[in-house]
Amino acid sequence: MAFMKFAAFCLALTVAAPAAAQHAAAAPAARPLEVPYTQFDLPDGLHVILHEDHSVPIVTVNMWYHVGSANERQGRTGFAHLFEHLMFMGSGHVKPGEFDEALEAAGGTNNGSTTSDRTNYWINVPSNALELALFLESDRMGFLLDTMTPKTVDAQRDVVKNERRQSYENRPYGLAEPTLQEMLYPDNHPYHWPTIGYMPDLTAASYDDVVAFFRKFYAPANASLVVAGDINLAEARKLVEKWWSDVKPGPPPEPITVPGAMLTSVVTKTISDKVQLPRLYIAWLTPAALTPADGALDVVSDVLAGGKNSRLYKRLVYDMQIAQSVDAFEGSERLSSIFQIVVTPRPGHTVEECEKVIDEEIAKLQAEPPSAHEIERAFNQIEASFYNRMERVGGFSGKADQLNGYYTNTGDPDWFNEDLSRYRSLAPSDIQAAAARWLPRDRRVELTIVPEKSTK
């Protein structure tokens, strides 16, 4: 989620709060967003959403499987991300290597990603190659196991292990995120383990374990498909029905069990890493994505550290010059979110110095609402980011991805205006209240990463 923040949650704001009432009154009324679509269910249970957009001769096939690392269990982690690799390794009617070769020959591109909550795959092609994209996508849903072998699983298992080494274990500060998850969530919570999984679990997973995971979670009834772009709705529906006609249905998986997660004190931890400078991570548990408080905390993060004019950047980096960098963000996820502040002190300064200033600025925001200028700056930045994404139909966070995300998380593909309204309804006092309610000084996680001591 940079989750990075999950892009399909469509962060967007416009100024309509009391502190900006004169500005809002003078501005013309915002025109509602219109993203027309049709939707239907196939007999096998697959939910399909079609969106017609003839602005460019491109079409995207966007598949979301409603399975992520949260659907795994202790001792068997990393499966959802492993399938992000296996799904490109050939299927019943596509030999290994042919998936990418066929798309490249047609001028197409493709990719996928995994989060705690879902796995998505997209294919962008010229509109005359739509049928090819649908064939490839349906074949790996219906016939992946026909060609998947223990040798294939072992090869991709090794790829994932190497990715973990590069992205976490051998990357400066790379173990911060999984360590924070472990500190914030209890052992049995589905967000306790990292999306990529643990090395011992990846090693211990048998071929039969992997097959069982696919059969449980990769059935049509546990997925949703968006076809968007330069299409004719009736023709696109016929092609979808054609290529999924021989995909066997499967029962939807049972809901996951979500134990409570609550911080009752300050939890601290220090770990060493091959880094030059220490770094401090402060994190809080916050409300789930798409809730009003989640939107308010987006604005809190921008007021605190959203650019060079933000409060923390100005004090820590510009005025006092005691920090190299400072960031704040609301990491929105489906079950709950994490608000983080990350600061790296400059040489000769300490995390304690930086933490003192951070606490002072949070306390100020908790005591007094942000200014109209701060609110407007935050709204404009997030609104611009939203409309930039709206200009793309395919790829990560394009309109197809957003339609699929809204459907998965709200049941309504066209939740664009409702998302905007989360921000339009915010007053400066709401930002103050969110900081006071969700960023308490006495209930948070503090992780410090320090340079390893030289053994020379």
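The values are calculated or read from the model by the stated rules, or taken from the named source; none is laboratory data. In this text, all values refer to a predicted model and were calculated from it rather than measured experimentally. Here the Cβ is made from the backbone with ideal geometry for all residues, glycine too, and neighbour counts use every protein chain on show. Surface accessibility is based on the protein's heavy atoms, side chains included, excluding ligands, DNA and RNA. Shrake-Rupley method; radii C 1.70, N 1.55, O 1.52, S 1.80 Å.
Points worth noting:
- Conditions (1) farther than 22 Å from Y423 by Cα; (2) within 22 Å of the chain's Cα centre (by Cα); (3) not in a strand (DSSP E or B): number failed by D294: (1)
- The combined condition, being open to solvent by less than 20 Å² (accessible area, probe 1.4 Å) and in contact with an Asp or Glu (Cβ under 6 Å, 6 or more places away or on another chain), is fulfilled by I449.
- The residue list D246, D154, D201, D158 contains one member that is among the charged types (D, E, K, R) and not in a helix (DSSP H, G or I), which is D246.
- Matching residues, the range 36-61, being in contact with a Lys or Arg (Cβ under 9 Å, 6 or more places away or on another chain) and within 18 Å of N120 (Cβ to Cβ): V48, L50, H51, T60
- Filter result for the condition that a residue is assigned to a strand (DSSP E or B) and closer than 20 Å to G197 by Cα, over G174, G112: G112
- Look at the range 108-132: where a residue is of a type in the set (K, R) and a partner is assigned to a strand (DSSP E or B), sitting 6+ places away or on another chain with Cβ atoms under 7 Å, you get R118/W64; R118/Y65.
- Residues that are of a type in the set (G, A, S) and open to solvent by less than 40 Å² (accessible area, probe 1.4 Å) do not occur anywhere in the range 149-159.
- Those residues of the range 355-374 which are assigned to a helix (DSSP H, G or I) and out of contact with any helix residue (DSSP H, G or I) (no Cβ under 6 Å at 6 or more places or on another chain), in sequence order: E355, K356, I358, D359, E360, I362, A363, K364, A367, H373
- Comparison of T350, T408 shows that the only residue that is among the β-branched types (V, I, T), surrounded by fewer than 18 Cβ atoms within 10 Å (Cβ to Cβ) and at pLDDT 95 or above is T350.
- Scanning the range 296-315 for residues that are open to solvent by less than 10 Å² (accessible area, probe 1.4 Å), of a type in the set (A, V, I, L, M, F, W, C) and either farther than 17 Å from S429 by Cβ or in contact with a strand residue (DSSP E or B) (Cβ under 6 Å, 6 or more places away or on another chain) (or both) turns up L297, L304, L312.
- Restricting attention to the range 39-89 and to residues that are in contact with an Asp or Glu (Cβ under 7 Å, 6 or more places away or on another chain) and at positive phi, the residue that is surrounded by the fewest Cβ atoms within 10 Å (Cβ to Cβ) turns out to be G75.
- Residue that is in contact with a Phe, Trp or Tyr (Cβ under 9 Å, 6 or more places away or on another chain), within 23 Å of M63 (Cα to Cα) and open to solvent by less than 10 Å² (accessible area, probe 1.4 Å), where the choices are L420, L403: L403
- Neighbours by Cβ (under 9 Å, 6+ apart or cross-chain): first from the range 346-372, among the hydroxyl-bearing types (S, T, Y); second surrounded by 13 or more Cβ atoms within 10 Å (Cβ to Cβ) and part of a loop (DSSP other than H, G, I, E, B): T350/P278; T350/I322
- Picking from residues in the range 264-285 that are outside any strand (DSSP E or B) and under 30 Å from N170 (Cβ atoms), the one that is least open to solvent (accessible area, probe 1.4 Å) is V275.
- When we screen V211, V226 for residues that are more than 18 Å from V445 (Cβ to Cβ) and crowded, with 20+ Cβ neighbours inside 10 Å, the only hit is V226.
- Pick from the range 372-394, criterion at pLDDT below 95 and of a type in the set (G, A, S), ranking: surrounded by the most Cβ atoms within 10 Å (Cβ to Cβ): A378
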